[in-house]
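Only one structure is covered here, and it is reproduced in the block below.
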Amino acid sequence: MIDTGLKDKVVIVTGANHGIGAATSIALAREGAKVFMNYLRLSPSEYGGVGEDEAMGATIPGRAYYHKMQAKSADEAVKAIHELGGKCCAWEADLADPGNIPTMFDRAEREYGKVDILINNAAHGKCDTFIPPDEISKDPLFVDEFPIETITANSHDEHFAVNCRAVALMIKEYTRRYLSRKAIWGRIINISTDGAPAHPSAISYGASKFATESYTRAAAIELGPYGITVNVISPGAVQTGWINPGLEKSLVESYPLRRIGNPEDIAQAVIFFASEQADWITGQVLYVGGGNRM
């Protein structure tokens, strides 16, 4: 059995109420880490244009079910960790507000002590495009269900506020506290997407993630001398509730491993980058997507 060296490490995981963030939190707790979980519940009607009753009653992956997942608290993940005998707590806060970032670290430190590992997983994701509205009206949906809009200053800024700016400020805050206590071992892991280099129909999401990959490489160079590794995990299509059965079938046929991902696939890659086994790996993008991108 491999010892990952994660026992009693203190970890912040953002976007931890469902999907990749929840699975990652549980996987880290299983390794003995103390996990501080951040999340934000998003209203199905306000965020996704889906009726509350429709979302809450959804049982099959797709648009309504995905927004049901987005509206969850972190209670299920917290319960799962406690049932494992692990240590965790959760705090709801919007990372688009920069003031919440130092507060998060303060809360984590009060609960468990200094933060050793930072997992930037939280994301804002809506479909936008360069195509003008009159052309969109001829085919207004992306992947069969999700509405798409022409890019605006607001759609751009909403994505970058969470997917890029918050990540940069989280890294800054982590580094400041790390250096102030003269630590010698640290991990930062950022979650991207394998569509980051070019993401048609979700252009602001892809671009904001690609910017974070640039931040990751710069941070790896700057922070390496202090013992901090900084890496990216770039998932392919992961079933976090948004992939309807028809889309799943077509994706499966195109992926070399003939299946889409599940959140636990990404969580295990996080465990590797966080572990002692990845001690000499930094500034890297690891594609975890069943061979979708190589």
* To do: Quick one: go through the range 273-294 and flag any residue whose amide nitrogen is under 12 Å from the point 7 Å out along the Cα-to-Cβ line of I2.
  => 273-279
* What are the radius of gyration and Dmax of the range 10-287, computed over its Cα atoms and given in Å? -> 18.4, 58
* To do: Keeping to pairs on different chains or 8 or more places apart, tell me how many lysine pairs in the range 1-136 have Cα atoms under 21 Å apart.
  => 17
* Asked: When the helix-only estimate is applied to the chain (DSSP H runs of n ≥ 4, each -39,500 (n - 2.57), divided by the residue count), what is the mean residue ellipticity at 222 nm, nearest 500 deg cm²/dmol?
  -> -12500 deg cm²/dmol
* To do: Provide the percentage of antiparallel DSSP beta bridges, counting only those with both residues in the range 10-287; round to the nearest 5.
  => 5 percent
* Asked: To the nearest 20 debye, what charge dipole does the chain have about its Cα centre, counting +1 at the Cβ of each Lys and Arg and -1 at the Cβ of each Asp and Glu?
  -> 1060 debye
* Helix by helix through the chain, keep the DSSP H runs that span 20 Å or more along the axis on Cα and average at least 0.0 on Kyte-Doolittle, and give those back in order. => 166-180, 203-223
* Asked: Using the 10 angstrom Cβ neighbour count as an exposure proxy, how do R176, R41 rank, fewest first?
  -> R176, R41
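We did not get these values from a lab; they are worked out from the coordinates using the rules stated. Worth saying up front: this structure is predicted, and the values here are computed from it rather than measured. No Cβ is skipped: glycine too gets one built from the backbone with ideal geometry, and neighbour counts run over all protein chains shown.
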